[in-house]
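Report on one structure; see the data block that follows.
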Amino acid sequence: MIEFSGARVRVTVPATSANLGPGFDAFGLALGLYDTVCGRVSDRPGVRVTVSGEGARELPDDETHLVASSALAAFDRLGGRPVGLEIDCANQIPQARGLGSSSAAIVAGITLARTLAPTAVFSDHDALRLATEIEGHPDNVAPCLLGGFTIAWMEPDGAVGTVRLSPSARVRPVVYVPTARGLTAHARAALPPTVPHRDAAANAGRAGLLVHALTQAPELLLPATEDRLHQDYRAPGMPETAALVAKLRSAGIPAVVSGAGPSVLALVLDLAVAPEVDDWQRMTPTCDAAGAKGEVD
């Protein structure tokens, strides 16, 4: 029988940027921009959710909220649901901008359930597999859960693997966030079913270089972040994003589409300065090293 903590718990989860150019559906980086979720079990039946910050007055307030539904899925894996659940979400991660807001909600819900059931056995591997099942792919949920720079993959049987690495301390992320939102499903629909062999080969080389550049030799990040698999195909659907990536790269700044867009991620070195850009919110989060955290509030 599962035992629930009577305490109020607090969960923090980081934003993430997936792909990083050539690492399509595999690479992800955790960013120091956080959603905070507080929750407790209740004797009052049902699930109640409040939301402040990003998504306030837009997201559902019941069990259909992604944090809540993910927590309930985790409780089912753990062996049973509480009678009631009260959840407060304070969101800083921009919604539908390519910064992993849905992955953050999923990981927050799973981490909330793990923290509210402290005696149950549910490993990081278990959490990663469930989060991937809910999200559909592991490139954002892996860095959100584990922090740092992650390489994630799926086996044919549904098992999920990941390697966590530490980005070089010389690398400073800069995120450009537009007002307009984007949908991952629309961005994926723009991708062709096949690509030229030469483009796949080029991306394989750049992806390998990116692992080395991001962790050991950041002066190589500009060539290492070149992509031929997804960004050009998505460009017609988000021309402002493509133009900003091209502008930054022409100035020698390693820049990529963040996830499926429309935000742009720049990776600047040392004391280099990434410029302000009209009509884009410029954010300067750190590289997050801790990933999801759950504790008694």
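The values are calculated or read from the model by the stated rules, or taken from the named source; none is laboratory data. Remember, predicted model here, so these are calculated numbers, not experimental data. As a convention, Cβ positions derive from the backbone with ideal geometry for all residues, glycine included, and neighbour counts pool all protein chains shown.
Here are the numbers for this structure:
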read-out: Residue ID - surrounded by the fewest Cβ atoms within 10 Å (Cβ to Cβ), chosen from residues in segment 53-76 that are of a type outside the set (A, V, I, L, M, F, W, C) and assigned to a helix (DSSP H, G or I); value: Asp76
read-out: Residue ranges of strands (runs of 3 or more DSSP E) in segment 212-296 with at least 2 members surrounded by 14 or more Cβ atoms within 10 Å (Cβ to Cβ) and of a type outside the set (Gly, Ala, Ser); value: 255-257, 264-269, 281-283
read-out: Yes/no for Asp124 being acidic (Asp, Glu), modelled with pLDDT under 95 and within 24 Å of Thr162 (Cα to Cα); value: yes
read-out: Out of Thr16, Thr12, Thr50, sole residue that is at negative phi, buried (at least 23 other Cβ atoms within 10 Å of the Cβ) and either in contact with a Cys (Cβ under 7 Å, 6 or more places away or on another chain) or outside any loop (DSSP other than H, G, I, E, B) (or both); value: Thr16
read-out: Single condition Gly208 does not satisfy, out of (1) in a helix (DSSP H, G or I); (2) surrounded by 18 or more Cβ atoms within 10 Å (Cβ to Cβ); (3) modelled with pLDDT of 95 or more; (4) small (Gly, Ala, Ser); value: (2)
read-out: For Leu191: the one exception among (1) closer than 18 Å to Ala235 by Cα; (2) without any contact (Cβ under 8 Å) to a residue 12 or more places away in the chain; (3) among the aliphatic types (A, V, I, L, M); value: (2)
read-out: Count - residues of segment 81-126 that are surrounded by fewer than 24 Cβ atoms within 10 Å (Cβ to Cβ), within 19 Å of the chain's Cα centre (by Cα) and farther than 22 Å from Val175 by Cα; value: 3
read-out: Positions within segment 58-85 being among the basic types (Lys, Arg) and in contact with an Asp or Glu (Cβ under 8 Å, 6 or more places away or on another chain), in sequence order; value: Arg77
read-out: Unmet requirement for Glu135, which otherwise passes all of (1) of a type in the set (D, E, K, R); (2) assigned by TED's automatic domain parsing to the domain that holds Met238; (3) free of Cβ contacts under 8 Å to residues at least 40 places away in the same chain; value: (2)
read-out: Any strands (runs of 3 or more DSSP E) falling wholly within segment 82-185 and containing at least 1 residues that are touching a Lys or Arg at 6+ places or on another chain (Cβ under 6 Å), of a type in the set (Gly, Ala, Ser) and more than 14 Å from Val11 (Cβ to Cβ); value: 84-91
read-out: From Val256, Val264, residue being of a type outside the set (Lys, Arg), touching a strand residue (DSSP E or B) at 6+ places or on another chain (Cβ under 8 Å) and farther than 23 Å from Arg164 by Cβ; value: Val264
read-out: Counted residues, segment 34-47 - those being under 11 Å from Ala15 (Cβ atoms) and either touching a Cys at 6+ places or on another chain (Cβ under 6 Å) or surrounded by 24 or more Cβ atoms within 10 Å (Cβ to Cβ) (or both); value: 1
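Yes/no matrix, rows are residues, columns are (1) surrounded by fewer than 12 Cβ atoms within 10 Å (Cβ to Cβ); (2) touching a Pro at 6+ places or on another chain (Cβ under 7 Å); (3) more than 19 Å from Leu20 (Cα to Cα):
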residue	(1), (2), (3)
Ile151	no, no, no
Gly158	yes, no, yes
Val174	no, no, no
Gly182	no, yes, no
Pro193	yes, no, yes
